[in-house]
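Since the structure comes first, as C-alpha cells, the remarks are kept for the end.
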Amino acid sequence: MPTYFRTRRGGEQVGLKRKGPRGVLITLEGVEGSGKTTQVQRLARLLREEGYRVLETREPGGTPLAESIRRTLLKSTGERMDPRCETLLILAARSQHVAQVIKPALDEGAIVLCDRFVDSTLAYQGYGRGLDVGLLRRLNRFATGGLEPDLSLLFDLPITTGLARRRHNNLEQNRLDRESRRFHTAVRRGFLELAAREPRRIAVFDGTKSAETLADDVASIVRRFLRRGGRTIGKPADS
Ligand SMILES: Nc1ncnc2c1ncn2[C@@H]1O[C@H](COP(=O)(O)OP(=O)(O)OP(=O)(O)O)[C@@H](O)[C@H]1O
Ligand SMILES: [Mg+2]
C-alpha cells in the first residue's frame with residue numbers, strides 16, 4: 001500500500017470545509033506522455049512536506065485486482081478489444097479502486113492524488129472510441145458511486161510530443177501507444193472540450209513546459225484550491 005495518512009501540522013484541516021467525505025480528490029489527466037505521472041509524484045512530495053496526508057494512486061489500477069485488469073487492458077494480444085469490453089474493464093477496475101482505496105482514504109481526510117480517473121474514460125472511450133459520452137458519464141457514476149474529483153489537472157500537449165517522449169525515454173510501448181494518430185488527436189480534443197465545459201474543476205496546463213515549471217504551476221493552483229476550501233480554482237498565474 002502507498003504511504004499516506006501523515007497528519008497535517010497541528011492535526012487541523014485548514015481550508016477543507018466541505019460536506020461528504022472529509023478529504024480531497026485531485027485527479028491528473030492528459031494524453032500519453034503528457035507528464036501526469038511525473039507531476040503526481042512531485043505534487044505528492046510537496047504536499048507531504050507541507051504536512052498533508054497524501055495517497056498517491058493511479059488508474060486503471062490502485063488495488064491488486066484493479067492492477068491485474070490494467071495489465072489485461074494494456075497488453076497487445078492481437079485480438080482487437082471491443083470498445084465496450086475496454087470500457088467495462090476500466091469501470092470494473094475503477095469501482096474496485098474507489099471502494100477499496102479512494103473512498104476509505106477520503107473518509108480519513110487524506111488528499112488523494114489519482115493519475116487518470118473519470119475524465120480519461122470520457123476522453124478515450126467517448127471522444128476516442130466514439131461511445132456515447134452521456135452514457136459513459138452515467139456508467140462512471142455507477143462505478144464510483146457518485147464520487148467526483150474536486151479538482152482535475154489536465155496536461156495538454158501535441159500528441160506527437162507525448163508519444164515521442166515515451167519512445168525516446170524507452171518507456172514500454174503498450175496497446176494504446178500503438179493507436180492511430182487520429183485516435184490520440186480525438187482524445188486530446190475530448191479532454192479540452194471537457195475542460196471548457198467545467199473550467200472551475202479542470203485546470204489546463206501547457207504540458208510542453210519543463211517538468212520544473214509545470215510543478216510550480218501545479219503547486220500554485222493546488223495551494224489556491226486548498227486555501228479556498230477546496231472549491232474555487234483558476235488558471236495558472238502566467239497563462
Ligand atoms: N515537462 C516535461 N518535459 C519533458 N519531458 C517530460 C516532462 N514531463 C515528463 N517528461 C518525460 O516524458 C515521459 C512521459 O512522462 P510521464 O510518464 O510523466 O507522462 P504520463 O502522462 O504519465 O504518460 P503515460 O500516459 O504514458 O502514463 C517520461 O519519460 C518523463 O520523464
Ligand atoms: Mg503515466
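For the reader, a short list of remarks on this structure follows.
- Per-region count, region 207-229, residues more than 14 Å from ligand 1 (Cβ to nearest atom), in contact (Cβ under 8 Å) with a residue 40 or more places away in the chain and either out of contact with any strand residue (DSSP E or B) (no Cβ under 9 Å at 6 or more places or on another chain) or not in a helix (DSSP H, G or I) (or both): 4
- Residues in region 157-188 that are more than 15 Å from ligand 2 (Cβ to nearest atom) and either within 17 Å of Asp115 (Cβ to Cβ) or among the charged types (D, E, K, R) (or both): 5 in all.
- Residue among Val31, Val40 that is of a type in the set (A, V, I, L, M), in contact with a Cys (Cβ under 9 Å, 6 or more places away or on another chain) and within 16 Å of ligand 1 (Cβ to nearest atom): Val40
- Failed condition for Leu55, given (1) modelled with pLDDT of 95 or more; (2) in a helix (DSSP H, G or I); (3) more than 16 Å from ligand 1 (Cβ to nearest atom): (2)
- Which numbered condition Cys114 fails, given (1) outside any helix (DSSP H, G or I); (2) more than 17 Å from Ala143 (Cα to Cα): (2)
- Taking the listed residues Gly145, Gly126, Gly162, the one that is crowded, with 18+ Cβ neighbours inside 10 Å, touching a residue at least 12 places away in the same chain (Cβ under 8 Å), more than 20 Å from Gln39 (Cβ to Cβ) and small (Gly, Ala, Ser) is Gly126, with no other qualifying.
- Members of region 22-46 found to be within 13 Å of ligand 2 (Cβ to nearest atom) and assigned to a strand (DSSP E or B), listed by number: Thr27, Leu28, Glu29, Gly30
- First in region 54-77 and at positive phi, second anywhere and assigned to a strand (DSSP E or B), Cβ under 8 Å, 6 or more apart: Gly62/Cys114
- For Leu106: the one exception among (1) hydrophobic (A, V, I, L, M, F, W, C); (2) within 19 Å of Gly23 (Cβ to Cβ); (3) touching a Pro at 6+ places or on another chain (Cβ under 6 Å); (4) within 16 Å of ligand 1 (Cβ to nearest atom): (4)
- Restricting region 142-160 to residues that are over 11 Å from the mean Cα position of the chain (by Cα) and hydroxyl-bearing (Ser, Thr, Tyr) leaves a set whose member that is modelled with the highest pLDDT is Thr144.
- There is no residue in region 129-136 that is under 16 Å from the mean Cα position of the chain (by Cα) and surrounded by 21 or more Cβ atoms within 10 Å (Cβ to Cβ).
- Selection count where residues are over 20 Å from Arg129 (Cβ atoms), among the hydrophobic types (A, V, I, L, M, F, W, C) and modelled with pLDDT under 95, scope region 161-204: 2
The values are calculated or read from the model by the stated rules, or taken from the named source; none is laboratory data. The structure presented is a predicted model; accordingly, all values stated were derived computationally and were not measured. Glycine gets a Cβ as well: all are built from the backbone with ideal geometry, and neighbour counts include every protein chain shown.
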